[in-house]
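Data first, discussion second: the structure below is written as structure tokens.
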Amino acid sequence: KNEVEQSPQNLTAQEGEFITINCSYSVGISALHWLQQHPGGGIVSLFMLSSGKKKHGRLIATINIQEKHSSLHITASHPRDSAVYICAAYGSARQLTFGSGTQLTVLP
Amino acid sequence: NAGVTQTPKFQVLKTGQSMTLQCAQDMNHEYMSWYRQDPGMGLRLIHYSVGAGITDQGEVPNGYNVSRSTTEDFPLRLLSAAPSQTSVYFCASSALARGASKETQYFGPGTRLLVL
């Protein structure tokens, strides 16, 4: 069974700070997803990656397959980035295993 | 496109009652899945389907049934509701690539279920 661990569980930052959220998984995977859950509960997909790095606006996701580790970075954070960020690993069982999420609060 | 829709948004049940949570998508996605989200825990897979007529169990299938008679619809049935099934339920869909759901996941808005 693939275990997915996220850190930190909670993160408070000042507007403008650079933020990093980490995700580690225990077994080989074919893809890793980063998701954002809004305060209202809706979940949207941010990235799906299987190698290297992806960038979308102020968000950057990286993955190191050998180290079984992925990071989500937010540059120039803004209060509207406040949300729960979730990583999910897709392994051989055709199932996604989710981390428990990182609650990010960005203060103005 | 409406994307992934779920009904109802909120439901209160008494222990022992049965109900069906509806999920539909209009993106012609082969892969559909149901998750439950509980405080302090990650989303957990209940059941999933890789196409019409094909379903399989996830991590926490007990007490739930699914069927997939069409590509668009993937209802989740609670057979005899228990307080432990109080949760937020999310339906999701994605395309399949080489038989694997590695593509972008699209989530419904969720159904909050309270079992008394």
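All of the numbers you see were taken from the coordinates with simple rules; none came from a lab. This one's a predicted model, so the numbers in the text were calculated from it and none came from an experiment. Cβ placement follows ideal geometry from the backbone for every residue including glycine, while neighbour counts extend to all protein chains displayed.
Using +1 at the Cβ of each Lys and Arg and -1 at the Cβ of each Asp and Glu in chain B, identify which of B:VAL50, B:GLY110, B:PHE74 lies farthest towards the dipole's positive end.
Result: B:GLY110, furthest along the dipole toward the positive end.
How much length is gained on full extension from B:LEU96 to B:ALA52, taking 0.36 nm per residue of separation minus their Cα-Cα distance? Walk me through the numbers before you get to the answer.
Values: separation 44, 0.36 × 44 = 15.84 nm, distance 1.31 nm.
Gain on extension, B:LEU96 to B:ALA52, equals 14.5 nm.
In what order do A:ILE43, A:ILE60, B:ILE54 fall by count of nearby beta-carbon atoms within 10 Å, going from fewest to most? Please report the intermediate quantities before stating the final value.
Numbers: A:ILE43 22, A:ILE60 16, B:ILE54 10.
The most exposed by this proxy come first: B:ILE54, A:ILE60, A:ILE43.
So if R0 is 41 Å, what FRET efficiency would B:ARG112 and A:VAL27 give, r being the distance between their Cβ atoms, rounded to the nearest 0.05?
On the way: r = 33 Å, r/R0 = 0.79.
FRET efficiency, B:ARG112 to A:VAL27: 0.80.
Under 28 Å between C-alpha atoms is the cut-off here; go through the protein assembly as shown and count lysine pairs that meet it, provided they're at least eight residues apart or on different chains.
Number of lysine pairs found: 12.
Would you grab the residues whose amide H sits under 5 Å from the one on B:LEU96? Only those 5+ places off in sequence or on another chain, please, with H modelled 1.01 Å from N.
Answer set, sorted by chain and number: B:GLU30, B:TYR31.
Using the number of other C-beta atoms within 10 angstrom as an exposure proxy, rank A:PHE47, B:PHE10 with the fewest first.
Values: A:PHE47 22, B:PHE10 10.
So the residues, fewest neighbours to most, are B:PHE10, A:PHE47.
Quick one: putting +1 on the C-beta of Lys and Arg, -1 on the C-beta of Asp and Glu, what dipole do you get for chain B around its Cα centre, in Debye to the nearest 20?
Working: 9 positive and 8 negative charges, 61 e Å.
Using only the charged Cβ atoms, the result is roughly 300 debye.
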